[in-house]
Each structure stands twice: as structure tokens, then as C-alpha cells.
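Here's the structure we're looking at; comments come further down.
The values are calculated or read from the model by the stated rules, or taken from the named source; none is laboratory data. Computed from a predicted model, the values in this text were never measured in an experiment. Here the Cβ positions follow ideal geometry from the backbone for every residue, glycine too, while neighbour counts run over all protein chains shown. Accessible surface is based on the protein model in full, side chains and every heavy atom, while ligands, DNA and RNA are left aside. Shrake-Rupley method; radii C 1.70, N 1.55, O 1.52, S 1.80 Å.
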Amino acid sequence: MNAHTLGLARYLEKPSMTETCIRDCHALVPGAGGTLTLARHQDILVRGNRIAEIRPTGRPLEPGVTVLEAQRMLAMPGLINTHAHVPMVLFRGLAEDVPIERWFNEFIWPLESNLTESDVYWGALLGLLEMIEGGITTVADHYFHMDRVAQAIEEAGTRAHLGWAVFASRGYKALAETAAFAERWRGGADGRITTCMAPHAPYTCDDGFLRASAGHATRLGIGIHIHAAEDMNQTSTSVQKRGLTPIQVLKDTGVLGVPALIAHGCGLLPQDIELLAHHRAHVGIAHAPKTYLKLAMGITPIRALRKAGVAVGLATDGAVSNNTLDLFESLRLMALMQKHEALDPEVLPIPEALDIATRGSAAALGMGDRIGTLAPGYQADLILVDTRGTHWQPSHNLTAGLVYSARASDVHTVMVDGRVILHERRHLTLDKERILAEVANTMERMAQRVPGSRIQRYEP
């Protein structure tokens, strides 16, 4: 065993008691004017769970500092998945080539009637394996049986913003139970878990239910994670039935009065953006472009939102509507879709796309002061991306490579809260083989769609 490996092993045993130097990487850091820039040949010093210093490489290190060699690596903030249903990896490939109404009513909500708490736990672990391998260090997860998801997060060593999804059809008792989860796990996993209320959507939660959700959020001092204006059909239907857009419903029911994370916003109207701008200090939009392409949902007006000062973050949504939990893929599609819609190749340039994937995503979760930036004082949530692949060569422009060339498989090392959880693509916290085996044992049962068995009906 060489000195580097010995140092890493010691570091993993007592991460809070050591100082680590990520040596001689290229680092994606804030530059002049607030834009992101690439600082070449840097050392990143991590003390405990925070970034202590970023400086040109070559200065002597104090005795006892663990060194992670990072030549030919690009260091960037850990990716932040602002909206996902992580355990839905269990249904990957089971709802293909159908419109959104059939996707919900004939596939997803019947399939989800199969779920047990154990299924959610192993599905969450499978999703975490994939996300860690793709450089995702934080996820905002909106699903069921969330105590088991929190347990999986705790074991994986990642960061998460968790909400227990609930429909009004489940009743106010179920809503209170989801609030109890939020209170129980807030600050869990050594502070890596934050929680929120998670009413599903305005079309599955009536006004009273949404007001009660906002009441719980206010009482607990937390926010709300909700689907709204997912496509233009939902917005048109809401206007026809109620004379209000889904975003106006959120305003009237108090949802916008607390920190709110809204997925997906493809049906936002100009007046909705104006309304969101009034709440921009604590409202963010989660943008999952691959899902929108696959389900033909339209496109989120990212440029108008950012112009209005509303935080926009990058997301995968669930693997059953995306097929992967790969944020590099989502990043690339986001940039390309915005250019295509505007018929302008200068729209959403590389620095802005990277800003959305890092600082924008952190801001959308209300964590912009803690994660999403490589700078002293921020949490040590970062990844090393290997730029030696042929798809990176010649490496004239590494930031362009991050947006248009990078693959999830390029992620070499993942650190969360100052602790390395993936190194040389080897998981250090999770048993990959066991997780894959446990999930494989559920495949046949998970794929069953029992006639008449459905957890909810899609009727916007």
C-alpha cells in the first residue's frame, strides 16, 4: 500500500480530525464580476467539513495533512439535484413513449401501489449509488416512506433536502404524519439532512390542504417542495376551472409565503413570473429538461426567470421519466434547449449554464450560503472530474468540456461534508453489489400493474 492510499484510509477513519489537501487540480471558482472561472494548478485545503483555502499548488504542507493527488482533474462543487424521486429507479424503463396522462394513470401510480418501505429503502440506495457515481452530492427528494430514504442518505454520507409526498386524498392525518417526519429528521445525519413539507401539486391538493401544508411549514420553520405549472395544459385547465394559474393558487394558499421549491414550471405565464419575482428571496424553480423532452411538456422559461431574479436549479426528476440520474446530461440538454427555443446560439452561454448547475441550484434549495461554491468557508462538498478521456481531447476549453463533453463516468472522486465517499470510482460508504442484488430480487413484483390498483388519478 502506497503512502497516498495510507493517507486516504486514515482520512476516512477520522475525517473531522484531519486536514486534507486536494493537490494540483484545476478548480472551478468564483471569478471577477461574479462569473465562474477556472483556476489552474490549485491546492484545495479542507479542514474538518469546510473548505479552508484555495491557493496555487506547490506550497509546503503541514505535517499530518492527507494528500489527494488531483493532477489532470477538474475540481468543481458537488452537483445538486434540485428535484428527484430517487426510489423511482425501481421502475426505470417501465413507462415509455406515452403522454403524461397515460404515464401517470396507466403506469406510474399503478406501479407505485406495489411499494413497501423496504422497496423504498433499497430503491433509494440504488439511486444514491448512481448519483454519487455521477458527482451528485445533494438531492431534493420528494417521495414516500421517507424515513427509509433518510436512513439511506445517512448511510451513503450524502446531503439531502427531503419531503414526504402527500395527496389531499390521503387526508389531514397523513399530512400531519408528513410534518412529523419533517420535524423528526430536520438536521439529521449530522446536519446533512434538511426537510420540508411536500404536498404533491395544486391539482392533487385542494386549497385547504395547501393552506394546512403552509401552516405546518410556518410552524416548523421549514419550506415546501411542490409540483406546479408542470406543463401549459395544467395552467390552461386551472385558469378555465378556477380563473387562477397554479402559481396564483400557490400565492393564495400561502405556499409562496414560505421557502418554496417548485417543479417544473413549463407552464409558467408572464404574470406568474412577475408574481414569483415578488417572492424571489425564498422561491426557486427546479428544471429537469430530459423529462420535458421525453413527455413533451414544453420548456421552462429559464431566461425570463433569471432576469426576474428567481433562482433556477438543475434536476433530473425521477429515473422513470428520465432513465438516468445524470446531471451532466441534464446540464447539456438545458443549455441546448434554451438555445434551440430562442433560435440563438448565444443564449445561456457556458458560464451561465455552469452557474445554474452549481450556485443556482444551491440558491433554489435555500442553501446558497453553504454549498454550490468552491470558496473558503463553504461546506466541503466537491467532486473531481477526470479530464483524461478521449472525449475531452484536446482540452482547449475545460469549462466547455463540463457542459458539452463530460460524462457521469468521468467523476473520479466525491467528497461530502469533508468526507470522501467515492474514490477512483470505488464506493467507500455503500455496498454496491448487495444493493444491486436486493433490487434485482424485486424486479418482477415492481413491474406488475394490478387492474384498478392506483395510488392517485391524474385529472388536472
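Evaluate the following for Gly377: is it in a loop (DSSP other than H, G, I, E, B), within 22 Å of His142 (Cβ to Cβ) and out of contact with any Phe, Trp or Tyr (no Cβ under 9 Å at 6 or more places or on another chain)? It would help to see each step written out before you state the result.
Numbers: in a loop (DSSP other than H, G, I, E, B): yes; within 22 Å of His142 (Cβ to Cβ): no; out of contact with any Phe, Trp or Tyr (no Cβ under 9 Å at 6 or more places or on another chain): yes.
Spelling it out, it is not the case that Gly377 is in a loop (DSSP other than H, G, I, E, B), within 22 Å of His142 (Cβ to Cβ) and out of contact with any Phe, Trp or Tyr (no Cβ under 9 Å at 6 or more places or on another chain).
In segment 83-102, the residue that is surrounded by the fewest Cβ atoms within 10 Å (Cβ to Cβ) out of those that are over 14 Å from Met443 (Cβ atoms) and β-branched (Val, Ile, Thr) is Val98.
Residues of segment 124-149 that are over 13 Å from the mean Cα position of the chain (by Cα) and open to solvent by 10 Å² or more (accessible area, probe 1.4 Å): Leu126, Glu133, Phe144, His145, Asp147, Arg148.
The strands (runs of 3 or more DSSP E) located wholly in segment 23-85 that include 1 or more residues which are of a type in the set (Lys, Arg) occupy 36-47, 50-56. Say whether the condition of being open to solvent by 10 Å² or more (accessible area, probe 1.4 Å), touching a residue at least 60 places away in the same chain (Cβ under 8 Å) and more than 18 Å from Leu305 (Cβ to Cβ) is met by at least one residue in segment 383-393. For segment 383-393, residues open to solvent by 10 Å² or more (accessible area, probe 1.4 Å), touching a residue at least 60 places away in the same chain (Cβ under 8 Å) and more than 18 Å from Leu305 (Cβ to Cβ): present.
I need a count of the residues in segment 381-395 that are more than 19 Å from the chain's Cα centre (by Cα) and either part of a helix (DSSP H, G or I) or modelled with pLDDT of 95 or more (or both).
Going through segment 381-395, the residues more than 19 Å from the chain's Cα centre (by Cα) turn out to be 386-395.
Those left that are additionally either part of a helix (DSSP H, G or I) or modelled with pLDDT of 95 or more (or both): 386-394.
Number of matching residues: 9.
Taken over segment 221-242, the criterion of being open to solvent by less than 40 Å² (accessible area, probe 1.4 Å) and within 23 Å of the chain's Cα centre (by Cα) is satisfied by Ile222, Gly223, Ile224, His225, Ile226, His227, Ala228, Ala229, Glu230, Asp231.
Residues in segment 236-251 that are in contact (Cβ under 8 Å) with a residue 24 or more places away in the chain and either closer than 25 Å to Gly215 by Cα or of a type in the set (Phe, Trp, Tyr) (or both): Ser238, Thr245, Pro246, Ile247, Gln248, Val249, Leu250, Lys251. Selection of segment 294-350 for residues being among the aliphatic types (A, V, I, L, M), in contact (Cβ under 8 Å) with a residue 60 or more places away in the chain and assigned to a loop (DSSP other than H, G, I, E, B) yields Leu295, Ala296, Met297, Ala315, Leu325.
Here Val65 meets the list (1) crowded, with 16+ Cβ neighbours inside 10 Å; (2) at pLDDT 95 or above almost entirely, failing just condition (2).
Here's the yes/no breakdown for (1) of a type in the set (Gly, Ala, Ser); (2) modelled with pLDDT under 95; (3) under 18 Å from the mean Cα position of the chain (by Cα); (4) surrounded by fewer than 21 Cβ atoms within 10 Å (Cβ to Cβ):
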position: Gln151; (1), (2), (3), (4): no, no, yes, yes
position: Ala174; (1), (2), (3), (4): yes, no, no, yes
position: Cys196; (1), (2), (3), (4): no, no, yes, no
position: Tyr203; (1), (2), (3), (4): no, no, no, yes
position: Thr218; (1), (2), (3), (4): no, no, no, yes
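Please go through segment 401-460 and give me each residue that is acidic (Asp, Glu), in a helix (DSSP H, G or I) and surrounded by fewer than 20 Cβ atoms within 10 Å (Cβ to Cβ), ordered by number. Working first, answer last.
Kept after step one, since they are acidic (Asp, Glu), are these residues of segment 401-460: 410, 417, 424, 431, 433, 438, 444, 459.
Restricting the remaining residues to those that are in a helix (DSSP H, G or I) gives 410, 433, 438, 444.
Those that are acidic (Asp, Glu), in a helix (DSSP H, G or I) and surrounded by fewer than 20 Cβ atoms within 10 Å (Cβ to Cβ): Glu433, Glu438, Glu444.
Where helices (runs of 4 or more DSSP H) sit wholly within segment 128-227, those with at least 2 residues that are more than 21 Å from Gly78 (Cβ to Cβ) and not hydroxyl-bearing (Ser, Thr, Tyr) occupy 146-156, 172-185, 207-220.
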